[in-house]
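Data block below; observations after.
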Amino acid sequence: MTIFLVGFMGCGKSSLGKKLANNLDFNFIDLDDFIEDCEARTIKEIFEIDGEDYFRKLERFYLHKVINNKNIVISVGGGTPCFFDNIHQMNKNGLTIYINMSTKALFNRLKLSNKSRPLIEGMKDIVLKDYINKTIKEREVFYNKSHKIVNGTNLSAKQLQKYCFD
Ligand code: S3P
């Protein structure tokens, strides 16, 4: 079984994914971490030096490197399902779960997060709120193609596990 966790930046894909994988005795891959390890540079450096379009091609390339793994939870980047036919490929190869969260909750979580995210770096609060509102509307079209949609607010890994097998 291959489980893909998708959702906006800050929705908790990586921390939930790690715990879910642990509970299921599955392997775990965070696609951003995998890209950074394989490329030996950070996502921030890739964006800065080669730009977003190049990053999206790398993201697709590395998604395909891991997509056929079995007994694994894969947390993908917030943009992964929204480019090329990535969501279709993930749907074909495993179970996709969209961790849905309100704009307000995402904003609060992103403010607290210390992960480097080039798309929102340095944004003032008002700009960040607008960005989340606007971008989530565009991206939801893709996120909503996932097999399952779960409410990410106060979601535990145990509850997520239950959703996977319901
Ligand atoms: C991105 C989300 C990031 C990372 C990159 C771009 C996006 O991953 O892939 O900075 O386009 O939403 P997280 O969702 O894990 O922050």
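For each of 41, 56, count neighbouring Cβ atoms within 10 Å of the residue's Cβ, then give the residues from fewest to most.
Values: 41 14, 56 17.
By the 10 Å Cβ count, ascending: 41, 56.
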## Note on the structure
In deg cm²/dmol, rounded to the nearest 500, the helical mean residue ellipticity at 222 nm of the chain, built from -39500 (n - 2.57) for every DSSP H run of length 4 or more, is -17500 deg cm²/dmol
### Query
Roughly speaking, what is the stretch gain from residue 33 to residue 70, that is 0.36 nm per residue apart minus the C-alpha to C-alpha distance, in nm to one decimal?
11.4 nm
### Task
Using Cα pairs closer than 8 Å and at least 6 residues apart in sequence, work out the relative contact order for the chain, in percent.
36 percent
### Query
Projected area of the range 57-112, taken from the Cα convex hull and averaged over every viewing direction, in nm²?
4.7 nm²
### Query
So what's the net charge close to residue 5: Lys and Arg +1, Asp and Glu -1, counting the other residues with Cβ under 12 Å from its Cβ?
+3
### Task
With the Cα gyration tensor of the range 2-165 in hand, give its eigenvalues times 5 under a square root as the equivalent ellipsoid semi-axes, listed largest first in whole angstrom.
22, 20, 15
### Task
Step through the table entries 129/158; 13/145; 44/92, compare each Cα-Cα distance with 19 Å, and write down the pairs that go over it.
129/158; 44/92
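May I ask you to list the GluC sites (Glu not before Pro) in the range 116-166 that are in a DSSP loop and have at most 16 other Cβ atoms within 10 Å of their Cβ?
Answer by residue number: 121.
We did not get these values from a lab; they are worked out from the coordinates using the rules stated. A quick note: this is a predicted structure, and the numbers were derived from the prediction, not measured. With ideal geometry, Cβ positions are generated from the backbone for all residues, glycine too; neighbour counts draw on all protein chains shown.
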